[in-house]
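To start, the structure under review is shown below, and the notes come after it.
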Amino acid sequence: MSVSTAHLVIGLLNGLGALVSGAFAVVGAARPALGLAAGESVGPGVVFFARAYGVRAVPLGAAVLVLLAAGSWHSLGPVLIVAGLAQLGDAAIGAARRIRGMVIAASALAAVHLVSAQWLLTH
């Protein structure tokens with residue numbers, strides 16, 4: 001795969017991942033009940049953690065998008081490592097809460113971010 005093709009694939013996958021993660025963060029902060037299992041109620045703790053997720057996800061996603069738009073491939077690698085580790089944390093939380101969709105989505109985004117970072121840092 002050529003470098004330009006790899007950059008295109010990395011840009012598309014990670015840009016989409018950053019947008020999806022940011023969108024979930026905004027929606028979750030606005031409507032925290034969407035992240036709960038059936039029968040669970042929204043209390044102050046749920047609202048707090050939904051907002052705390054947004055405070056992390058939105059700026060991190062924005063940083064990925066800014067670096068992609070600028071074509072700062074060398075700087076993007078370390079940021080993708082941080083984003084990938086954050087997604088692994090989200091997957092672990094999803095597993096502990098038995099939220100299958102969260103585990104699958106966060107694991108997939110973690111893989112995209114970490115594999116992309118590894119490629120960027122070695123090429």
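Brief remarks follow.
- Selection within segment 103-116 - surrounded by fewer than 18 Cβ atoms within 10 Å (Cβ to Cβ) and of a type outside the set (Ser, Thr, Tyr): ILE104, ALA108, ALA111, LEU114, VAL115
- Check on ALA83, of a type in the set (A, V, I, L, M), over 16 Å from the mean Cα position of the chain (by Cα) and part of a helix (DSSP H, G or I): no
- Only one of the numbered conditions (1) in contact (Cβ under 8 Å) with a residue 60 or more places away in the chain; (2) small (Gly, Ala, Ser); (3) within 17 Å of MET102 (Cβ to Cβ) is violated by ALA6, and that is (3).
Yes/no per residue for (1) in a helix (DSSP H, G or I); (2) at pLDDT 95 or above; (3) at positive phi:
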site	(1), (2), (3)
ALA37	no, no, no
PHE48	yes, no, no
LEU88	yes, yes, no
GLY94	yes, no, no
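- Selected residue (only one of SER21, SER4 is assigned to a helix (DSSP H, G or I), modelled with pLDDT under 95, surrounded by 14 or more Cβ atoms within 10 Å (Cβ to Cβ) and not hydrophobic (A, V, I, L, M, F, W, C)): SER21
The values are calculated or read from the model by the stated rules, or taken from the named source; none is laboratory data. All values derive from a computational prediction rather than experimental measurement. Every residue, glycine among them, receives a Cβ derived from its backbone with ideal geometry; neighbour counts consider all protein chains shown.
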